[in-house]
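The values are calculated or read from the model by the stated rules, or taken from the named source; none is laboratory data. If you're wondering where the values come from, they're calculated on a predicted model, not measured in any experiment. Cβ: placed from backbone, ideal geometry, glycine included. Neighbour counts: every protein chain shown. Protein only, heavy atoms only, side chains kept; ligands, DNA and RNA dropped before computing areas. Shrake-Rupley method; radii C 1.70, N 1.55, O 1.52, S 1.80 Å.
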Amino acid sequence: MTDKNERVQGPKDQTAPQGKEAKVQTEAVSRTGSTSKAADMAAGVGKKSVVSIFLLVTILYVSLNLRAPLIGVGPVIDSIRVGLGLSGTELGVLFTLPVLCFGVFAPFAPQLLRVQSPERIVFVSLIVLTLGIALRSVLGTFGLFVGTFFLGLAISVVMVILPGLIKRHFPVNAGTMMGLYSTALSGGAAMAAGVAVPLEQWFGGWEYSLGIWAVPALLAVVIWVPQLKVRTDLEMPRAGTGPRLYRSWLAWQVTFFMGLQSAVAYCVFGWLPLILIERGLTAAEAGYLLAALMTLQLSTSISGPWLATRGRDQRLMIFIFMMLVLVGLMGMLIGPIKVIYAWSAIFGLGFGGMFSVAMALLVLRSPTPQVAASLSGMAQGVGYVIAAMAPLIVGVLHEYTGDWNAVIVFMAFLIICATWSGLLAGRARLVA
């Protein structure tokens with residue numbers, strides 16, 4: 001078997017070039033072959049880069065739809081309460097239901113990878129999300145709760161699968177990519193908080209304000225279709241042979257941090273607008289404040305993981321972010337109302353960093369994409385079960401005490417516990 005140079009040179013007969021001519025011709029052919037090979041390699045790299053960029057853009061757009069349907073409820077919650085005659089406990093159940101879905105269904109999402117590709121799982125989940133959003137705006141109280149259940153189910157699956165895809169396709173920049181991912185989540189939330197009340201006033205009802213989010217969700221289904229041609233193999237191990245994360249104390253630390261910071265987040269998402277209304281703000285003003293703090297959190301959502309990976313570990317930045325959350329939230333709840341936007345700015349900076357670092361820990365503490373998917377399932381499963389109880393507890397405390405004092409103490413306690421677990425999870429270690 002011969003290579004190209006041997007074929008060009010051929011046997012030494014009368015037609016074969018001799019001396020310098022042969023050498024020059026051989027070198028020219030060699031250079032031509034090398035150039036062609038380099039061009040093919042460059043074309044392959046370029047094509048791969050385009051595919052990666054398209055995948056990233058698609059993931060980010062999908063992420064925009066994973067918080068907006070939930071956050072849009074808070075600013076119009078007073079209209080929902082009056083329109084459907086819901087009690088404080090029932091409102092707590094409404095806030096708890098999607099978070100509880102995260103906890104119940106997230107652990108099963110990695111198991112789905114053994115029977116179907118992650119791309120198809122995300123596709124089906126987005127369809128369920130669209131149907132859930134639409135159903136929530138019809139059939140009164142029944143539709144509200146059933147639709148919320150379905151969108152919670154869909155979001156729980158997607159939020160487990162996406163970190164594994166990010167870890168697989170962007171292994172070198174996984175922390176930065178998780179920062180972009182959490183920023184997209186926060187961006188969708190900020191948008192929903194800001195337009196919820198104007199949409200309600202424009203269309204004439206909270207049903208339309210919530211139902212409008214079915215349109216971008218349906219667009220996410222369409223945009224995801226090209227990914228169905230891909231089958232990313234996350235190589236999930238057979239049942240009983242995968243990472244035994246429930247025996248890892250580090251995995252539990254990450255889980256507790258994810259759950260407790262999420263508990264703070266969903267209490268704020270659901271109950272803060274109502275608290276601010278009782279403090280004297282209008283529903284629109286409460287929505288704008290929520291949108292303002294969520295917009296400000298975008299700065300630390302994108303920079304949080306980058307800042308957290310500049311040092312030896314993530315403990316310092318976790319502590320700083322959690323203290324900003326504590327000071328900002330307490331200021332909004334009991335501080336002077338005249339400077340409430342200053343309190344919201346402090347909270348927003350801490351909140352964005354808290355959430356993005358918690359998401360980044362899912363990949364920073366994982367040595368492989370398989371562990372990242374499993375840790376994501378555990379942290380978002382058990383963690384969200386913990387988080388789901390908090391909004392319900394807030395509703396019960398408020399209904400039976402008649403004021404917000406017990407709620408304020410409870411939320412301060414949550415932040416302190418989240419700080420403790422975050423400092424443990426932030427150490428530079430990997431799940432074994």
- [ ] Could I have the simple spin-label model distance between Phe319 and Val50, label points 7 Å from Cα toward Cβ, reported in nm to one decimal?
- [x] 5.0 nm
- [ ] Describe numerically, in nm with one decimal, the distance between label points set 7 Å from Cα along Cα→Cβ at Tyr341 and at Asn405.
- [x] 3.2 nm
TODO: For the stretch 367-376, take each phi angle, set θ = phi - 60°, evaluate the Karplus expression 6.51 cos²θ - 1.76 cosθ + 1.60, and give the result in whole Hz per residue in order, putting x for glycine and proline.
DONE: x, 9, x, 5, 5, 4, 5, 5, 5, 4
Task: Principal axis dimensions, largest first and in whole angstrom, of the stretch 329-426 by Cα - done: 48, 31, 18
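Diagonalise the Cα gyration tensor of the stretch 143-187 and give the resulting equivalent ellipsoid semi-axes, square root of 5 times each eigenvalue, largest first, whole Å. Each step should come with its number before you reach the end.
On the way: eigenvalues 149, 28, 4 Å².
Equivalent ellipsoid of the stretch 143-187: 27, 12, 4 Å, largest first.
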Task: Cα-only Debye scattering, the stretch 53-92: base-10 log of I(q)/I(0) at q = 0.16, 0.22 Å⁻¹ - done: -0.54, -0.71
- [ ] Compute the whole-percent fraction of alpha carbon pairs in the stretch 104-172 spaced more than 18 Å apart.
- [x] 43 percent
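Suppose every K and R has +1 on its Cβ and every D and E has -1 on its Cβ; what is the size of the dipole of the chain about the Cα centre, in Debye to the nearest 20?
1580 debye
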Task: Stretchable slack from Glu285 to Arg427, in nm (0.36 nm times residue separation minus alpha-carbon distance) - done: 47.1 nm
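What Kirkwood hydrodynamic radius, in Å, does the stretch 302-343 give when the mean of 1/r is taken over all pairs of distinct Cα atoms and then inverted?
By the Kirkwood definition, the hydrodynamic radius is 11.6 Å.
Please report, largest first and rounded to whole Å, the three semi-axes of the ellipsoid equivalent to the chain, where each semi-axis is the square root of five times an eigenvalue of the C-alpha gyration tensor.
One finds semi-axes of 50, 23, 20 Å for the chain.
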TODO: Return the Cα extents of the stretch 44-165 along principal axes one, two and three, sorted largest first, each rounded to a whole Å.
DONE: 60, 27, 20
TODO: Grab the Cα-Cα distance for Val57 and Phe108, subtract it from 0.36 nm times how many residues apart they are, and report the gain in nm with one decimal.
DONE: 15.7 nm
Open item on the list: Take Tyr208 and Phe413, extend 7 Å from each Cα along the Cα→Cβ direction, and tell me the distance between the two endpoints in nm.
Closed with: 4.3 nm
Task: Assigned charges on the beta-carbon of Lys, Arg, Asp, Glu; the stretch 109-224 dipole about Cα centre (debye) - done: 420 debye
Task: Mean projected area (nm²) of the alpha-carbon convex hull when the stretch 127-272 is viewed from all directions - done: 11.4 nm²
TODO: Scale the Cα Rg of the stretch 253-398 by the rule-of-thumb value 2.2 N^0.38 Å and send over the ratio, two decimals.
DONE: 1.09
TODO: Mind jotting down the distance between the C-alpha centroids of the stretch 376-402 and the stretch 173-216, whole Å?
DONE: 22 Å
Task: Value at 222 nm in deg cm²/dmol, rounded to 500, when DSSP H runs of n ≥ 4 in the chain each add -39,500 (n - 2.57) - done: -27000 deg cm²/dmol
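Accessible area per residue, 1.4 Å probe, Å², for the chain: what's the number?
44 Å²
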Task: Whole-percent carbon and sulfur share, accessible surface of the chain, 1.4 Å - done: 68 percent
Task: Signed unit charges on C-beta, dipole axis of the chain, positive-most listed residue Gly383, Trp249, Ser356 - done: Trp249
Open item on the list: Sorting check: for 397-404, 290-297, 187-194, 104-111, which peptide has the highest mean count of neighbouring beta carbons within 10 Å, and how do the rest follow?
Closed with: 187-194, 290-297, 104-111, 397-404
